[in-house]
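Read the structure below first, then the notes.
The values are calculated or read from the model by the stated rules, or taken from the named source; none is laboratory data. Source: prediction; values computed, not measured. So basically every Cβ, Gly included, is an ideal-geometry build from the backbone, and we count neighbours across all protein chains shown. Calculation scope for accessible area: heavy atoms of the full protein, side chains included, ligands and nucleic acids excluded. Shrake-Rupley method; radii C 1.70, N 1.55, O 1.52, S 1.80 Å.
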Amino acid sequence: MLPSVDEVISDKRIVEVLESYPRMLTLESIRESIEYNRQKIVKLEDEEVDSYKVDFDKIVEISLENVINKYSLSLKKVINATGTVLHTNLGRSLLSDKIKDELWTAASRYSNLEYNLDKGERGSRYVHLTDTIKRLTGAEDVLVVNNNAAAVLLVLSTMAKGGEAIVSRGELVEVGGSFRIPSIMALSGADLIEVGSTNKTHLNDYEDAITENTKVLMKVHTSNYRVLGFTENIGVDVLSDLGKKYRLPVIEDLGSGVFIDLSKFGMTYEPTVMDSLKNGADIVTFSGDKMLGGPQAGIIVGKKEYIEKMKKNQLTRALRVDKLTICSLEATLRMYLDEDIALENVPTLKMLLYTYDELTQRAENLFNKIDNLNLDANISMEDGLSQVGGGSMPLETMKSRVIAISPKSISISELEKRLRLSNSHIIARVYDDKYILDVRTIFDDEFDVVAKELEKAFK
């Protein structure tokens, strides 16, 4: 009863597909579709076999659907309706639309990645970022690697390998994927010297631990958690004075670096990169794809004498960034030369700083589109809380506006599944027996898409 592979591949609908998709994937998809039907027939009772009819068109349709799914990229665009701005699972920072033309030009054409146009000779890929970052931070020199863990590894490998690095016990953080500061320090070849306790570290704890083997004093900003209550820690300014006394360099790992003091917009104060350098840190490391709003990168700024040594470290080549990272990071950082331009055009900053009135207006827009669908559900516009995410500002929550949907004809879990597996892959929250769409992280041009997918989900 089943058609042969040759019969299916000769169908005009499949022939058209072969113009756009690989023959190998097409054949594989056809065989899977036929096998799916074979298994259905095998499971039939004897008396059901004679009346069973093979649906040839259905076999073709499933084959077409399979080949499209197989050929599509595994990395797909999703709609983030969770309200978490720096959602690590959903790609963290988003690049600005303003830089897409420059990024595509760098990706699709040759560039002067390692060529000095002025001298007509080989150059360095790192010079493209140096001037902008030095201008923004006031640092003597700059080096960029592929993420902040790599930055910390390179710094310690260069400055503390074979010696001791002193750090507060309360700052031995774990970042995503079980990567821990102590493990990174050990990998660098430096001996970790823990001082103080989980909740309190005093200046004399650092000083008492200094020996002839001490190479660096290190401070790690706990950007992904907070210890509250009976606590004390030493600021980088005080640690810097101690470093000068014993002629030891001070390293500060900010984790999620920022260039703009967001406390003036009502958010919790986070030390800026400039603050850290002004307070005496010799080397500062931070991420490009968190609060900064750029691509994944680890940025190292500080004293030229140390960064020059890092450039000669063999690890640097293993950790180096590619042309797309360089281009997108430079284009993003260039916006910070004018704070107003950065606030308006860096998506991370814009989402974080939406006012309540702006969120209300956007929520009303989305609510009206959904309410007009007459879905079999209770739909309301409510207050909600958004998060920064991405291991940044762990205690910070932002008042937001959400659309809450309580379906009547299907379960909450089924609604969540249908929208997650829809063509637009909507990722939202389920809370208090409601499906929650937080407008803070949904783009305006996605509102119509959300409404259409909801309509399809209920059908």
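Scattering from region 316-380 was approximated by placing one identical point on each alpha carbon and applying the Debye formula without solvent; log10 I(q)/I(0) at 0.14, 0.27, 0.29 1/Å stands at -0.67, -1.09, -1.14. The order of the peptides 303-309, 189-195, 280-286 by mean Cβ neighbours within 10 Å, most packed first, is 280-286, 189-195, 303-309. The residues of region 194-343 expose, per residue, 44 Å² of accessible area to a 1.4 Å probe. The accessible surface of the chain, taken with every protein chain in place and a 1.4 Å probe, is 48 percent carbon and sulfur.
With contacts defined as alpha carbon pairs under 8 Å and 6 or more residues apart, what's the relative contact order of region 1-74 in percent? About 46 percent, as a whole number. Hey, if you drop one equal point scatterer on each alpha-carbon of region 188-324 and run the Debye formula without solvent, what base-10 log of I(q)/I(0) do you get at q = 0.11, 0.12, 0.19 Å⁻¹? So the normalised log intensities are -0.46, -0.55, -1.30. Gyration tensor analysis over the Cα atoms of region 405-459 returns equivalent ellipsoid semi-axes of 17, 13, 9 Å (largest first, whole Å). Amide H to amide H distances under 5 Å link Ile79 with Ile426, Ile427, where only residues 5 or more positions off or on other chains count and H is placed in the peptide plane. Computed from the C-beta positions of Val449 and Ser111, the FRET efficiency with R₀ = 35 Å rounds to 0.50.
Computed with every protein chain present, the accessible area of His221 is close to 40 Å² [probe 1.4 Å]. Each part gets one Cα centre, and for region 1-77 versus region 269-331 those centres are 51 Å apart.
Note on region 249-352: Rg/Rh from C-alpha atoms, Kirkwood Rh, equals 0.98.
About the centre of its Cα atoms, the chain shows a dipole size close to 1200 debye [charges on the beta carbon of Lys, Arg (+1) and Asp, Glu (-1) only; nearest 20 debye]. With the whole protein complex present, Leu95 retains an accessible surface near 60 Å², based on a 1.4 Å probe. For region 246-331, the relative contact order works out to 25 percent when only alpha carbon pairs closer than 8 Å and six or more residues apart are counted. Rounded to two decimals, the Cα-based Rg/Rh of region 52-107, with Kirkwood Rh, is 1.24. List the residues whose amide H sits under 5 Å from the amide H of Glu232, counting only those 5 or more places along or on another chain, with H placed 1.01 Å from N in the peptide plane. The answer is Lys200, Thr201. Accessible area ranking (1.4 Å probe, heavy atoms, ligands and nucleic acids excluded), largest first, for Arg109, Arg92, Arg440: Arg109, Arg92, Arg440. Applying the Kirkwood pairwise sum to the alpha-carbon positions of region 1-71 produces a hydrodynamic radius of 12.6 angstrom.
Taking only the C-alpha atoms of region 98-177, Rg followed by Dmax gives 17.6, 51 Å. Across all C-alpha atoms in region 1-134, the radius of gyration and Dmax reach 25.7, 85 Å. In this structure Phe259 has an accessible area near 20 Å², from a 1.4 Å probe over the protein heavy atoms. In this calculation the C-beta distance from Ser20 to Asp433 is compared with R0 = 35 Å, giving a FRET efficiency of 0.20. Over the residues of the chain, the helix contribution to mean residue ellipticity at 222 nm works out to -12000 deg cm²/dmol, using -39500 (n - 2.57) for each DSSP H run of at least 4.
So what is the relative contact order of region 1-136, in percent, for Cα pairs below 8 Å that sit 6 or more residues apart?
The normalised contact order for region 1-136 reaches 19 percent.
In the chain, the DSSP beta bridges split such that about 60 percent are antiparallel, to the nearest 5. Between amide H atoms placed 1.01 Å from N, distances below 5 Å from Asn146 occur with Gly298, all of them 5 or more places distant or on a separate chain. Please figure out what share of the DSSP beta bridges in region 210-355 is antiparallel and state it in percent, rounded to the nearest 5. Percentage antiparallel, nearest 5: 40. Projecting the Cα positions of Leu352, Ile379, Val238 onto the charge dipole of the chain (unit charges on Cβ atoms of Lys, Arg, Asp and Glu, taken about the Cα centre) puts Val238 furthest along the positive direction. Considering only Ala318, Ala428, Ser400, and ranking their Cα positions along the charge dipole of region 312-459 that arises from unit charges at the beta-carbon of Lys, Arg, Asp and Glu, the one farthest toward the positive end is Ala318. In order along region 410-425, the phi-based Karplus estimate (6.51 cos²θ - 1.76 cosθ + 1.60, θ = phi - 60°) of 3J(HN,Hα) comes to 10, 7, 4, 5, 5, 4, 4, 5, 4, 6, 5, 8, 5, 4, 9, 6 Hz; Gly and Pro are listed as x. Each residue of region 433-444 is assigned a 3J(HN,Hα), and the resulting list reads 6, 9, 8, 10, 10, 8, 6, 4, 10, 9, 6, 4 Hz, derived from the Karplus form 6.51 cos²θ - 1.76 cosθ + 1.60 (θ = phi - 60°), x at Gly and Pro. Spherically averaged projected area of the convex hull of Cα atoms, the chain: 29.7 nm².
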